[in-house]
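Structure first, commentary second.
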Amino acid sequence: MDTAVKKPIKFTYEDYLHFPEDKRYEIIDGEVHMVPSPVPHHQMVLGNLYLRLCEFVDKKGIGEVYLAPLDVVLSEIDVVQPDIMFISKERLNIITEKNIQGAPDLIVEIISPTSEYRDRVIKRKLYSKYEVKEYWLVDLEKKEIEVMALGESGLETVKIYKKTDILESLVLKGIKIKLNDIF
């Protein structure tokens, strides 16, 4: 009887490039995660946030804002597609013709029922590991946004903004987003 422990198969970015193009995938620590299509409310909130971020970033001339689907290659075995990402002017060199090579300064993930654990726990650890400076978790059901900033022990909650609050950012200094306009 074979008592050897089988190691799980680890996928790489090279494998990822051969996945079907009509689906969204992420690889976290070599494990493949299929990302389901978002629901209309998700897309509405995504669009509202994206517009506010683009207006601010363009007006200030401080970097670039992108939407999923766009590959963010953190390592050979960590490839994600955040809903929204901001890359500062000083770090535009991580933007390549095909993908983003490295951690964006700000990542926004909109939680769905199927992604909640992955977004709150797994991606928080992953983004901490790769030193994402700020991480926003958008909760559609609660109509709130949790803003986290990179601290000594990883991404730490700075504030949870409710629907009636005005969101502010440490990375995007001076931005003020009325969450009533987002949800």
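If a spin label sat at a point 7 angstrom from the Cα of Tyr50 along the line to its beta carbon, the backbone N atoms of region 66-92 nearer than 17 Å would be those of 66-72, 81-87.
Distance between the 7 Å Cα→Cβ label points at Lys143 and Lys98: 4.4 nm.
If you take all C-alpha pairs in region 90-164, what percent of them are over 20 Å apart?
On the way: 953 of 2775 pairs.
Beyond 20 Å sits 34 percent of the P(r) for region 90-164.
Distances between placed amide hydrogens fall under 5 Å for Leu140 paired with Ile111, all partners being 5 or more residues away or on another chain. When the C-alpha to C-alpha distance is required to be over 28 Å, the pairs from Lys60/Lys125; Lys123/Lys163; Lys98/Lys143; Lys98/Lys142; Lys98/Lys163; Lys89/Lys163 that qualify are Lys60/Lys125; Lys98/Lys143; Lys98/Lys142; Lys98/Lys163; Lys89/Lys163.
Peptide packing: for 127-137, 143-153, the average count of neighbouring Cβ atoms within 10 Å per residue gives the ranking 127-137, 143-153, highest mean first.
Among residues other than Gly174 with Cβ under 11 Å from its Cβ, the summed charge is +3 (Lys and Arg +1, Asp and Glu -1). For region 36-181, the equivalent ellipsoid derived from the alpha-carbon gyration tensor has semi-axes of 21, 18, 16 Å in decreasing order.
Shown here for region 14-76: GluC sites (Glu not before Pro) in loop regions (DSSP other than H, G, I, E, B) with at most 12 other Cβ atoms within 10 Å, namely Glu21. Phi angles across region 5-15 convert, under the Karplus curve 6.51 cos²θ - 1.76 cosθ + 1.60 with θ = phi - 60°, into 3J(HN,Hα) values of 7, 7, 7, x, 6, 9, 9, 10, 4, 4, 4 Hz, Gly and Pro given as x.
A crude spin-label estimate for the pair Thr12 and Glu152, with each label 7 Å from Cα along the Cβ direction, gives 3.8 nm. Local charge for Lys123 was computed over the other residues whose Cβ lies under 13 Å away, with Lys and Arg +1 and Asp and Glu -1, and equals -4.
Using a cut-off of 15 Å between beta-carbons, work out the net charge of the residues near Ile94 (Lys and Arg +1, Asp and Glu -1, Ile94 not included).
After counting each charged neighbour, the total is -3.
Compared with the dominant Cα axis of the chain, that is its longest principal axis, helix 40-60 is turned about 60°.
Read the figures in this text as sums done on the coordinates, not as results from a lab. The model shown is predicted, which means the values in this text are computed figures rather than measured ones. With ideal geometry, Cβ positions are generated from the backbone for all residues, glycine too; neighbour counts draw on all protein chains shown.
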